[in-house]
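Taking it in order: structure first as structure tokens, then the write-up.
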Amino acid sequence: MKKAVSILLAVILALFCAVLPAFAYSSPFGLTEPDDPGEANAAAKIEYSLRRGGKFIYCNNPEALYAFNIGQALLIERNVCGEVYFTSENRNLTGKKIILGLQLRNDSGQDIEVKVKNIGYQTGIDWVGQVEWTDFFNTKYRLEKAGGNYSFTNTYAPSNFKEVTYTVPSGKYIYVMGGSSADSYKNINVGNTADKFAGDGQVVNGAVYFEVKGPKSGVSLAFVCYTSSASPVTTDKQQGYIVERDGRNYGRQYLGSAPYLCAQASMAWNVNDSLPDGDKLKVEYDVEYYDDPTSYGVYGAYTGKPSVRHMSGTGWFTHINPTNHNEYIGTDMMPFECVTEDGTPVVIDIYHNDGTGKPANIGNWMVVYEETLSFYNSGTRPRTFTLFLKNNGVLAVNLRSADGGLLDSLYHWDASSPVFSVNVNPGKQKDVYLEYVLLANSYGSIEHYITAGAGVYEYELGDLDCDGDVDSDDAIYLLRHVLFGESYAIYAYADFDGNGKVSSNDAIYLLRHVLFGDSYPLTER
């Protein structure tokens, strides 16, 4: 019987597979593998790392652009090859309309391919870049509540940018973000971000992720500032990291590149009935910091032995250099390689002082965080786990499924509002895949903590016979319902597309999972 049904299901599947919906959401950053839960009610070990496999380039120095920045390459990155993630935030105070562009120049002697995967760009009076990130992740964000210091209208719709590949001959250049189409090779305008002037007083926010295929030398990136496509910037000289100019101090704003793509972490908890409802989950981590970094001077590397602080409690802290505040974990912080105004190579990170002679306050604005949080319930009753992120600004937060699809997205700024809650049945484990970005012009610092409360027992979506497994028996139940109208009591757990009905589309989701192992959103509700 089961074999015959399976054959029939495959035929139905072929008829309906074309109607399966596709996620518009797009993230170039892969998921982080789950960690193994430890002993019941033990503290989770929190440790971040930086993911290799590409390059992160950041430009926020100087944040305020004045007349001396016009006609300049604010930053140049040479010998670009492979995956690149670039972000920037600047305010135009030049008194003129300006264009900012990320210029990619090919002087390698052969053709190169440039594949642009994600892009978001905006000009205007807003600082934090909600249009930018809506477009970059190709998703519409919801607001947890209106008001506060951030007057988001919540009407932003993604531009639905589609991945595109360009061939750039040697001796030519394009702008992979912004810039002007008139001087770009073949007038290329990536994601309709070119030819966007920023008026005096306006802010420009940009984020782009792309891949360069070609030789490992001869291709360069320049973030340029100019007033007209008739006079683009094509210099090989970069302005570099400015500390002070015309009586203005820029030394706590940074730029440069890091040989990493994002920050990542996996953490896991095992909870049983003895943990009281409402308690925060325990964590522990080690922090390395320096007691007297000022003695090492401007750009000085810390040569002494760092102090180590073991932290144990019910929360952890990210987005601040631990030498500035030695409760912050530090292993999440990006390092930036850059040059000074006179071309001297320097490093701005948690092991060096910056151009002001102080520990860098790099903050990790616009760095993507990929975290996997695992919750195992070894007790006898269901539990609910709730994550809070207490930040001093705005976070763009994406909740992802195990196959990378989007489950939820929100602009988070209210410290009293949870980021997510998840129910876990007794004897079960759930993994939550979290992606977030601290937006530009937010203050650094995020406190993370998780509470464990009483949960509600839930059947797993797709487990129609409630035996704890999603298998061919469940597919048979659903098939008999769709084909013959036979009714069962628990078809709320067969509504995979969430439209309030159980139909052939839902059968396709379940059948592809059972027959071929496809991962569709078989999550608990």
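The values are calculated or read from the model by the stated rules, or taken from the named source; none is laboratory data. None of the values given here were measured: they were computed from a predicted structure. Because the Cβ atoms are built from the backbone with ideal geometry, glycine has one as well, and the counts that use them run over all protein chains shown.
Descriptive notes on the structure:
- Asp286 being in a loop (DSSP other than H, G, I, E, B) and of a type in the set (Asp, Glu): no
- All of Val367, Val394 fail the test of being of a type in the set (A, V, I, L, M, F, W, C), in contact (Cβ under 8 Å) with a residue 40 or more places away in the chain and closer than 18 Å to Gln264 by Cα, apart from Val367.
- Some residue of the stretch 454-467 being in a strand (DSSP E or B), modelled with pLDDT under 80, closer than 29 Å to Ser266 by Cα and not β-branched (Val, Ile, Thr): yes
- Pairing residues of the stretch 289-307 that are under 18 Å from Val347 (Cβ atoms) and in contact (Cβ under 8 Å) with a residue 12 or more places away in the chain with residues that are among the hydroxyl-bearing types (Ser, Thr, Tyr) and surrounded by fewer than 12 Cβ atoms within 10 Å (Cβ to Cβ), at Cβ distances under 8 Å and at least 6 apart in sequence or on separate chains, gives Tyr296/Thr303.
- Filter pass, Tyr209 being of a type in the set (Phe, Trp, Tyr), in the same structural domain as Ser181 (by TED's automatic domain parsing) and under 26 Å from the mean Cα position of the chain (by Cα): yes
- Check on Ser416, small (Gly, Ala, Ser) and part of a strand (DSSP E or B): no
- Applying the condition of being of a type in the set (Gly, Ala, Ser) and under 27 Å from Asp403 (Cα atoms) to the stretch 339-390 and asking which residue is nearest to the chain's Cα centre (by Cα) yields Ser374.
- All of Val233, Val219 fail the test of being crowded, with 22+ Cβ neighbours inside 10 Å, closer than 30 Å to Thr165 by Cβ, of a type in the set (A, V, I, L, M, F, W, C) and not assigned by TED's automatic domain parsing to the domain that holds Glu341, apart from Val219.
- Within the stretch 233-267, the set of residues being over 26 Å from Gly178 (Cβ atoms), part of a strand (DSSP E or B) and either at pLDDT below 95 or not small (Gly, Ala, Ser) (or both) comprises Glu244, Asn249, Gln264, Met267.
- Number of the condition not met by Val224 [criteria: (1) assigned to a strand (DSSP E or B); (2) among the hydrophobic types (A, V, I, L, M, F, W, C); (3) surrounded by fewer than 21 Cβ atoms within 10 Å (Cβ to Cβ)]: (3)
- Flag if Gly124 is on the phi > 0 side of the Ramachandran plot, touching a strand residue (DSSP E or B) at 6+ places or on another chain (Cβ under 7 Å) and of a type in the set (Gly, Ala, Ser): yes
- Any hit, the stretch 158-178, residues being hydroxyl-bearing (Ser, Thr, Tyr), touching a strand residue (DSSP E or B) at 6+ places or on another chain (Cβ under 9 Å), in a loop (DSSP other than H, G, I, E, B) and surrounded by fewer than 21 Cβ atoms within 10 Å (Cβ to Cβ): yes
- Among residues of the stretch 34-60 being part of a loop (DSSP other than H, G, I, E, B) and among the polar types (S, T, N, Q), the one that is farthest from Tyr254 (Cα to Cα) is Asn41.
- Test result for Asp183, in contact (Cβ under 8 Å) with a residue 60 or more places away in the chain, in a loop (DSSP other than H, G, I, E, B) and within 30 Å of Ala230 (Cα to Cα): no
- Residues of the stretch 268-298 classified as modelled with pLDDT of 95 or more and either on the phi > 0 side of the Ramachandran plot or not assigned by TED's automatic domain parsing to the domain that holds Phe317 (or both), total: 1
Here is a yes/no grid of residues against (1) surrounded by 21 or more Cβ atoms within 10 Å (Cβ to Cβ); (2) closer than 29 Å to Asn41 by Cα; (3) in contact with a Pro (Cβ under 6 Å, 6 or more places away or on another chain); (4) touching a residue at least 24 places away in the same chain (Cβ under 8 Å):
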{"residue": "Gly247", "(1), (2), (3), (4)": "no, no, no, no"}
{"residue": "Asn272", "(1), (2), (3), (4)": "no, yes, no, yes"}
{"residue": "Asp279", "(1), (2), (3), (4)": "no, yes, no, yes"}
{"residue": "Gly315", "(1), (2), (3), (4)": "no, yes, no, yes"}
{"residue": "Ile329", "(1), (2), (3), (4)": "yes, yes, no, yes"}
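- Top-ranked residue in the stretch 386-401 [being in a loop (DSSP other than H, G, I, E, B) and either outside the structural domain of Ser374 (by TED's automatic domain parsing) or in contact with a strand residue (DSSP E or B) (Cβ under 7 Å, 6 or more places away or on another chain) (or both); ranked as surrounded by the fewest Cβ atoms within 10 Å (Cβ to Cβ)]: Ser401
- Residue ID - surrounded by the most Cβ atoms within 10 Å (Cβ to Cβ), chosen from residues in the stretch 103-139 that are closer than 15 Å to Val219 by Cβ and aliphatic (A, V, I, L, M): Leu104
- Scanning the stretch 353-373 for residues that are surrounded by fewer than 21 Cβ atoms within 10 Å (Cβ to Cβ) and over 20 Å from Leu438 (Cα atoms) turns up Thr356, Gly357, Lys358.
- Single unsatisfied condition, Thr303 versus (1) farther than 24 Å from Glu63 by Cβ; (2) outside any loop (DSSP other than H, G, I, E, B): (2)
- Considering residues of the stretch 336-349 that are assigned to a loop (DSSP other than H, G, I, E, B) and in contact (Cβ under 8 Å) with a residue 40 or more places away in the chain only, the residue surrounded by the most Cβ atoms within 10 Å (Cβ to Cβ): Glu341
- The stretch 436-462 - residue that is touching a Phe, Trp or Tyr at 6+ places or on another chain (Cβ under 6 Å) and surrounded by fewer than 19 Cβ atoms within 10 Å (Cβ to Cβ) and, of those, nearest to Gly363 (Cα to Cα): Asn441
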